[in-house]
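Quick notes on the structure that follows.
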Amino acid sequence: MDHTAHTGAATAEGAHHGHAPQGAHGRGPASWGTAAKATLHCLTGCAIGEILGMVIGTALMWGNVPTMILAIVLAFVFGYSFTLFAVRRAGLDFKAAIKVALAADTVSIAVMELVDNGIIALVPGAMDAHLTEGLFWSSLLGGFAVAFVVTTPVNKWMIGRGKGHALAHH
């Protein structure tokens, strides 16, 4: 991945994930590589937020529902923050950067969280597993892996239509 977005050396066009926009106006066929990079970027923010939420909820001895809500909220916060940081470094003002982050990541994060949390909810015993148990980590990481596989085609479709992560390249 090209990290010029994080050094401030990139332009707004190529800053978000280190690759150029598709077509003249962000439309056209998106490559699987582009979609995978966008999804990996989203997955990183989601994973940090979710794990942090699970750790906080567990440390505070919260139940499953409030812990999961915190984890999902933090997944969105970190997911949006990564994009916000990249597009701000590329020169967008704060208001424009917020709009780009919301437009670029909302669907991607929502699909990822739905799939990931759905997997965790479906794995017997995973909701009651503790941070020190393999079942907790295997269901969480397995959920992230499945979410990546499901979300990548969604991002590919959106980028190809000038939506989602394609908006971060303008």
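Data overview
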| item | result |
| --- | --- |
| The listed residue being of a type in the set (Phe, Trp, Tyr) and surrounded by fewer than 19 Cβ atoms within 10 Å (Cβ to Cβ), out of PHE136, PHE94 | PHE94 |
| Subset of region 10-57 that is in a loop (DSSP other than H, G, I, E, B), hydrophobic (A, V, I, L, M, F, W, C) and touching a Lys or Arg at 6+ places or on another chain (Cβ under 9 Å) - its residue that is modelled with the highest pLDDT | ALA30 |
| Any hit, region 70-80, residues being open to solvent by 30 Å² or more (accessible area, probe 1.4 Å), closer than 21 Å to MET127 by Cβ and of a type in the set (Ser, Thr, Tyr) | no |
| Qualifying residue in region 151-159 (condition: of a type in the set (Phe, Trp, Tyr), within 24 Å of ALA30 (Cα to Cα) and open to solvent by 10 Å² or more (accessible area, probe 1.4 Å)) | yes |
| Any hit, region 118-131, residues being under 25 Å from ALA35 (Cα atoms), crowded, with 20+ Cβ neighbours inside 10 Å and in contact with a His (Cβ under 9 Å, 6 or more places away or on another chain) | no |
| Number of positions in region 115-168 that are of a type in the set (S, T, N, Q) and not in a helix (DSSP H, G or I) | 1 |
| First in region 128-139 and of a type in the set (A, V, I, L, M), second anywhere and assigned to a loop (DSSP other than H, G, I, E, B), Cβ under 7 Å, 6 or more apart | LEU135/GLY125; LEU135/ALA129 |
| Of all residues in region 34-68 being open to solvent by less than 30 Å² (accessible area, probe 1.4 Å) and hydroxyl-bearing (Ser, Thr, Tyr), the one that is farthest from THR106 (Cα to Cα) | THR67 |
| Members of region 27-77 that are of a type outside the set (A, V, I, L, M) and at positive phi | GLY28 |
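The values are calculated or read from the model by the stated rules, or taken from the named source; none is laboratory data. Only a predicted model underlies this, so the values are computations on that prediction, with no experimental measurement involved. With ideal geometry, Cβ positions are generated from the backbone for all residues, glycine too; neighbour counts draw on all protein chains shown. To get the accessible areas, we keep the full protein, side chains included, count just its heavy atoms, and leave off ligands, DNA and RNA. Shrake-Rupley method; radii C 1.70, N 1.55, O 1.52, S 1.80 Å.
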